[in-house]
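Notes follow once the structure below has been shown.
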Amino acid sequence: MGDHAVVLVLNAGSSSLKFSVYQVVAADEWPLEVRGQIEGIGTAPHFTAKDGSGSKLDEQRLGDVTRDAATALDFLAGWLRARYQGVRVLGVGHRVVHGGARHAAPIVVTPKVMDDLKTLIPLAPLHQPYNLAAIDAVSERLPDVPQVACFDTSFHRGHQVVAEVVPLPQDIRQAGVQRYGFHGLSYEYVASVLPKVAPELATGRVIVAHLGSGASLCAMKDGRSVDSSFGFTALDGLCMGTRPGALDPGVVLYLFQGRGMSAKDVETVLYKKSGLLGLSGVSNDMRVLLESSDASARLAVEYFVFRAAKEIGALAATLRGLDGLVFTAGIGENSAEIRERICEASSWLGIELDRAVNERGGPRISSPQSRVSAWVIPTNEELMIARHTGSLLGLRAGRLKAASTS
Ligand code: ADP
């Protein structure tokens, strides 16, 4: 690989480090060079990488020295160096789950920004510390490379107060308890391609359904978020792979008081054992459930669809009507059956599916006469992060030229 410049995108979780390397070229185009991940950090670390066209480049088991974000990054840096000698990293963009109420946009990381983001750890203890650890690890290893934090919450800032507030006493609200919304980078990406893919929706009332292992809906008007099914945490709203979605808080009280469970155990139930997995007792993977004839697997799928349709109705009420419904993420992009069942359950809103096009995958999957159109638009959160990183760091033609001659 020759001498060229790249932006590195990192998405660090508790046990995985996902990465993408994008070439920096003159225009706002971001050719993908490599995408991959280290999974099983802390247990059985495993590395995979694919090139921009999806062909496998490498796969290996890693030793147990890869035990946290810092050591995972050491491995990744070594791998990238060996493969891409002479390549200059002009910036690193990170997915950061929580930007709090203040950060309505991505931001260049400084020590002060890090201090601020660390205060949000109690609001997202399962994600924020790992996101920030990756930023610290990059700062130590590449102190001269600027970093950009891109938040899952930013796209949802600017909601009306009623859509953001939670009806609890003031002292609790003042501590930051409000509805934030997540999956914002995915929604922002979808909003960014609407003018090209579905121009009639770019200025309309749209619900985007991000249905992956985490699942949520975003109500958008004129390409901006006005409401989300996610609230204070990514536990609210839709039924997910292992999270229940909307749940009577009395159930949580019962787990503490009636069953004497510890906070840690309740957390495990809510984040890891519920949702599709809890209902089916079989799997959190929609593919497995759709293929199963087991009654509880069927119930899990039925509940997933029921809940999605119910929340679509709620967000259509926020929007006071609906022009389009967009499906995205693992389930939304790949499961014609789930799309069909959700559209069927939402037909009262004026959605009429074209079954044959839905089977083929879209992009427009509603019939020509459907009053509300339905779409499949693949999401790309990493590309959104690369774009933000490029624009915040001013990685354009002129500056690139200067960098390459210096
Ligand atoms: P993540 O939130 O981990 O990024 P994804 O958006 O990749 O999740 O979605 C992962 C989920 O997508 C899997 O758990 C699986 O249930 C679902 N999925 C992927 N392909 C299909 C398919 N063909 N049919 C049904 N579900 C699918």
Within the chain, the percent of DSSP beta bridges that are antiparallel, given to the nearest 5, stands at 65
With the charge dipole of the stretch 265-395 built from beta-carbon charges (+1 for Lys and Arg, -1 for Asp and Glu) about the Cα centre, the Cα from Gly313, Asn334, Gly362 projecting farthest to the positive end belongs to Gly313
Under the Karplus relation with 6.51, -1.76 and 1.60 and θ = phi - 60°, whole-Hz ³J(HN,Hα) for the stretch 39-51, x at Gly and Pro, equal 9, x, 4, x, 10, 10, x, 9, 10, 9, 8, 10, 7
Residue separation between Ser213 and Trp348 times 0.36 nm, minus their alpha-carbon distance, gives in nm 45.9 nm
The relative contact order of the chain, taking Cα pairs under 8 Å that sit 6 or more residues apart, comes to a percentage of 14
So the angle from the long Cα axis of helix 295-319 to the longest Cα principal axis of the chain, reported in degrees to the nearest 10, equals 90
A convex hull over the alpha carbons of the stretch 265-311 yields, per residue, a volume in Å³ of 71
Computed curve, the chain, Cα-only Debye sum without solvent term, log₁₀ I(q)/I(0) at 0.07, 0.13, 0.14 Å⁻¹, is -0.34, -1.21, -1.39
Violations at 23 Å Cα threshold for listed pairs Lys118/Lys264; Lys112/Lys221; Lys18/Lys50; Lys196/Lys310; Lys18/Lys118 -> Lys112/Lys221; Lys196/Lys310
For the stretch 266-406, the Cα-Cα pair-distance distribution in 10 Å bins from 0, as whole percents, is 11, 29, 27, 18, 9, 6, 0
The summed charge of the Gly158 Cβ neighbourhood (under 13 Å; Lys/Arg +1, Asp/Glu -1) stands at +1
In debye to the nearest 20, the charge dipole size for the chain, taken about the Cα centre with +1 at each Lys and Arg Cβ and -1 at each Asp and Glu Cβ, equals 420
Amide H contacts under 5 Å for Ile351, restricted to residues at least 5 apart in sequence or on another chain and with H modeled in the peptide plane, are Val372
Taking protein heavy atoms only, a 1.4 Å probe, and rounding to whole percent, the accessible area of the stretch 216-301 owed to carbon and sulfur comes out at 54
Whole-Å distance linking the alpha carbon centroid of the stretch 218-269 with that of the stretch 1-52 is 31
Once phi for every residue in the stretch 199-216 is put through the Karplus expression 6.51 cos²θ - 1.76 cosθ + 1.60 (θ = phi - 60°), the whole-Hz ³J(HN,Hα) values, with Gly and Pro written as x, are x, 5, 9, 4, 10, x, 9, 10, 10, 9, 9, 8, 10, x, 5, x, 9, 7
Here D for the stretch 81-226, in µm²/s, from Stokes-Einstein with a Kirkwood Rh over Cα pairs at 4 °C and 1.567 mPa s, works out to 76
To the nearest 20 debye, the stretch 68-119 has a Cα-centred charge dipole, built from +1 on Lys and Arg Cβ and -1 on Asp and Glu Cβ, of 200
Given 151-162, 218-229, 51-62, the highest-first ranking by average Cβ count within 10 Å works out to 218-229, 151-162, 51-62
In nm, the gap between the two label points placed 7 Å beyond Cα toward Cβ at Ala356 and Val145 is 5.0
For Leu299, the net charge from surrounding residues (Cβ-Cβ under 14 Å; K, R +1; D, E -1) works out to +1
Amide H neighbours of Val165 at under 5 Å, excluding residues fewer than 5 places away on the same chain, with H built from the backbone geometry, are Arg179
Expressed in angstrom, Rg and Dmax over the Cα atoms of the stretch 1-92 are 13.1, 42
Relative to the chain, whose Cα atoms define the longest principal axis, helix 336-345 and its Cα axis are tilted in degrees, nearest 10, by 40
Regression test value, accessible area per residue of the stretch 224-363, probe 1.4 Å, units Å², expected 49
One finds, for Asp265 and Arg298 with R0 = 30 angstrom and r their Cβ-Cβ distance, a FRET efficiency to the nearest 0.05 of 0.55
Once phi for every residue in the stretch 139-153 is put through the Karplus expression 6.51 cos²θ - 1.76 cosθ + 1.60 (θ = phi - 60°), the whole-Hz ³J(HN,Hα) values, with Gly and Pro written as x, are 4, 5, 8, 10, x, 8, 8, x, 10, 10, 9, 10, 9, 6, 9
Of the convex hull drawn through the C-alpha atoms of the stretch 150-280, the volume per residue in Å³ is 126
Highest GNM mean-square fluctuation among Thr66, Thr268, Thr379, for the chain with Cα springs under 10 Å, belongs to Thr268
Gyration tensor on Cα atoms of the stretch 208-288, a ≥ b ≥ c root eigenvalues, a/c under 1.5 rounded, else prolate if a/b beats b/c, else oblate, says oblate
Carbon and sulfur atoms account, in whole percent of the 1.4 Å probe accessible area of the stretch 76-137, for 62
Here D for the stretch 150-212, in µm²/s, from Stokes-Einstein with a Kirkwood Rh over Cα pairs at 4 °C and 1.567 mPa s, works out to 96
Contour minus Cα-Cα span, Lys221 to Glu29, at 0.36 nm per residue, comes to 66.5 nm
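The values are calculated or read from the model by the stated rules, or taken from the named source; none is laboratory data. All values derive from a computational prediction rather than experimental measurement. Note that each Cβ is placed from the backbone with ideal geometry, even for glycine, and that neighbours are counted across all protein chains shown. Areas reflect the complete protein model, heavy atoms only, side chains present, ligands, DNA and RNA absent. Shrake-Rupley method; radii C 1.70, N 1.55, O 1.52, S 1.80 Å.
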